[in-house]
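For reference, the structure discussed in these notes is given below.
The values are calculated or read from the model by the stated rules, or taken from the named source; none is laboratory data. Everything numeric here is computed off the predicted structure, so don't read it as measured data. Cβ sites come from the backbone with ideal geometry, for glycine too, and all protein chains shown count toward neighbours. Ligands, DNA and RNA are excluded from the accessible area calculation, which covers all protein heavy atoms including side chains. Shrake-Rupley method; radii C 1.70, N 1.55, O 1.52, S 1.80 Å.
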Amino acid sequence: MLPRDPIILLSYTNTQLRDRDADLDSFCEKENADKAQLCAVLAEAGYTYDAARNQFI
C-alpha cells in the first residue's frame, strides 16, 4: 500500500525509483499502483515524472 500523503508518497516513490526500479512502469507494476492516478496525485502537489532522471521533480 502506497502512502496517502503526497509528500511522503513523493519521497517513497523517488527512493524506490532510485534504488530499485528502472522506470515508472516497473515501479507501478511492483507496487500494484495505477500509474495515471499516481501521476495525478503527485501533479496536484506540483511534481511531474521526468523519465530521463527517473524521478518526480
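Residue 2 meets each of the listed conditions (1) assigned to a loop (DSSP other than H, G, I, E, B); (2) hydrophobic (A, V, I, L, M, F, W, C); (3) open to solvent by 50 Å² or more (accessible area, probe 1.4 Å) apart from (3). Against the numbered list (1) modelled with pLDDT under 95; (2) touching a strand residue (DSSP E or B) at 6+ places or on another chain (Cβ under 7 Å), residue 10 comes up short only at (1). Of the residues in region 29-40, not one is without any contact (Cβ under 8 Å) to a residue 60 or more places away in the chain, out of contact with any helix residue (DSSP H, G or I) (no Cβ under 8 Å at 6 or more places or on another chain) and assigned to a strand (DSSP E or B). Here residue 10 fits the description: touching a residue at least 40 places away in the same chain (Cβ under 8 Å) and either surrounded by 11 or more Cβ atoms within 10 Å (Cβ to Cβ) or not in a strand (DSSP E or B) (or both).
Tell me yes or no: at least one residue of region 46-57 is among the acidic types (Asp, Glu) and open to solvent by 60 Å² or more (accessible area, probe 1.4 Å). No: zero hits.
Of the residues making up region 16-28, those that are loosely packed, with under 12 Cβ neighbours inside 10 Å and either touching an Asp or Glu at 6+ places or on another chain (Cβ under 7 Å) or part of a helix (DSSP H, G or I) (or both) number 3.
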